[in-house]
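Visitor: First the structure, then my questions, so here it is.
The values are calculated or read from the model by the stated rules, or taken from the named source; none is laboratory data. Note that this is a predicted model, so its numbers are computed, not measured. So basically every Cβ, Gly included, is an ideal-geometry build from the backbone, and we count neighbours across all protein chains shown.
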Amino acid sequence: MKHFPRVLIVEDEPAIAELIAVNLRHNGFQPIWAEEGVAAQRELDAVLPDVILLDWMLPGQSGVALARRWRADARTKGIPILMLTARGDEPDKVAGLDAGADDYITKPFSTQELLARIRAVLRRRAPEQVDVSITIGALALDSATHRVSWQGQVLKIGPTEFKLLNYLMKHRERVHSRAQLLDKVWGDHVFIEERTVDVHVKRLREALGAAGAMVETVRGAGYRLTAQAQVASQA
C-alpha cells in the first residue's frame with residue numbers, strides 16, 4: 001500500500017489552509033488541518049505527521065513557541081517543521097530557524113515553491129536521524145541525547161547551532177563556504193541569505209565559550225572546525 005506523507009497544517013486562516021490542503025492532496029500528500037496549538041497537539045498525540053506546516057502568527061501560542069515545545073519533546077523532535085510567515089525580515093527568519101524550524105516560507109508563496117520545500121525536508125530527514133557521538137579533544141557532541149559538552153561541562157546550544165556544530169565536527173579541518181553550509185546544514189535554502197550563516201556561527205561561538213576558538217573563519221573562503229585551536233585553549 002502506497003504511503004501518502006501526512007502534512008499537519010497549523011494555520012488559523014481557513015482560506016489559506018484549504019488552498020494548501022487542496023494542492024497537497026492533488027500532489028500525493030495527506031493534509032490534516034489544525035487552527036491553533038491545542039488542536040495541533042491533539043493531532044500530534046493521535047498520529048505523528050511526516051511534516052508540520054506551522055504558521056508564525058496563531059491565536060494562543062505562537063508558531064515559534066510551538067516549534068520550541070515540539071523540538072524539546074523526544075516524540076516530536078524529529079518531525080520537519082516548515083514555518084509559514086508573512087514576516088520577511090531576516091531577524092524573524094533567524095528566530096524561526098533558531099526555534100527549531102527546518103525551513104521557512106514567506107507569504108504569499110507559490111504552490112510549486114511550497115511543494116519543493118516539503119519534498120526537500122522529507123529527502124533530508126532520513127540521513128539526519130542517525131545517532132552518533134563525536135569527540136574532538138575536550139569537545140563532545142551526542143546526537144542521541146542532543147547534548148554538547150566542553151571539558152565535561154554541558155553547554156546550552158540552540159537547535160540550529162547544534163546542527164551546524166554537528167556538521168562541522170563530522171567534517172573537521174575542512175573549509176566550508178557559506179553556500180556549502182546552507183546546502184548541507186539547512187538544505188535546499190536557495191532563498192536564504194548567506195549572511196544567516198554568519199549569525200549562527202557567531203551564536204555557536206558564544207555558546208561554546210572557550211571552545212568557540214575551534215570554529216575558525218578562513219578569510220575569503222568560509223569556516224572550519226579545527227582541533228589546533230582547541231589544543232591552544234587548553235594550554
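Visitor: Please find, among Val51, Val64, the residue that is touching a residue at least 24 places away in the same chain (Cβ under 8 Å), touching a helix residue (DSSP H, G or I) at 6+ places or on another chain (Cβ under 8 Å), of a type in the set (A, V, I, L, M, F, W, C) and more than 18 Å from Phe29 (Cα to Cα). If you could, list the steps in order and put the result at the bottom.
Guide: Details: Val51 fails: more than 18 Å from Phe29 (Cα to Cα).
Result of the check over Val51, Val64: Val64.
Visitor: A further question on this structure: Just the residues that are of a type in the set (Gly, Ala, Ser) and either in a loop (DSSP other than H, G, I, E, B) or outside the structural domain of Pro108 (by TED's automatic domain parsing) (or both), please, taken from the stretch 37-68.
Guide: Taking the stretch 37-68 as the starting set, the residues that turn out to be of a type in the set (Gly, Ala, Ser) are 37, 39-40, 46, 60, 62-63, 65, 67.
Those that are of a type in the set (Gly, Ala, Ser) and either in a loop (DSSP other than H, G, I, E, B) or outside the structural domain of Pro108 (by TED's automatic domain parsing) (or both): Gly60, Ser62.
Visitor: Taking the condition of being within 11 Å of Val7 (Cα to Cα) and either modelled with pLDDT under 90 or among the hydroxyl-bearing types (Ser, Thr, Tyr) (or both), how many residues in the stretch 51-71 meet it? Explain how you work it out, then say what you get.
Guide: Here is the first cut: in the stretch 51-71, the residues within 11 Å of Val7 (Cα to Cα) are 51-54.
After this cut, where a residue has to be either modelled with pLDDT under 90 or among the hydroxyl-bearing types (Ser, Thr, Tyr) (or both) as well, the list is none.
Number satisfying all stated conditions: 0.
Visitor: With the checklist (1) modelled with pLDDT of 85 or more; (2) farther than 22 Å from Leu115 by Cα; (3) among the aliphatic types (A, V, I, L, M); (4) surrounded by fewer than 16 Cβ atoms within 10 Å (Cβ to Cβ) in hand, flag the one item Ala74 doesn't pass.
Guide: (1)
Visitor: Note down all Cβ pairs under 9 Å where the first residue falls in the stretch 174-187 and is touching a residue at least 12 places away in the same chain (Cβ under 8 Å), the second is among the polar types (S, T, N, Q), and they're at least six residues apart or on different chains.
Guide: Sorted first by the residue in the stretch 174-187, then by its partner, the pairs are Arg178/Thr196; Leu182/Thr196; Val185/Thr160; Val185/Asn166; Trp186/Thr160; Trp186/Thr196.
Visitor: Being touching a residue at least 40 places away in the same chain (Cβ under 8 Å) and closer than 19 Å to Pro80 by Cα narrows it down to one of Arg42, Arg6, so name that one.
Guide: Numbers: Arg42 fails: touching a residue at least 40 places away in the same chain (Cβ under 8 Å).
Residue meeting the stated conditions: Arg6.
Visitor: Please enumerate the residues belonging to the stretch 137-151 that are within 17 Å of the chain's Cα centre (by Cα) and small (Gly, Ala, Ser).
Guide: Selection gives Ser143, Ala144.
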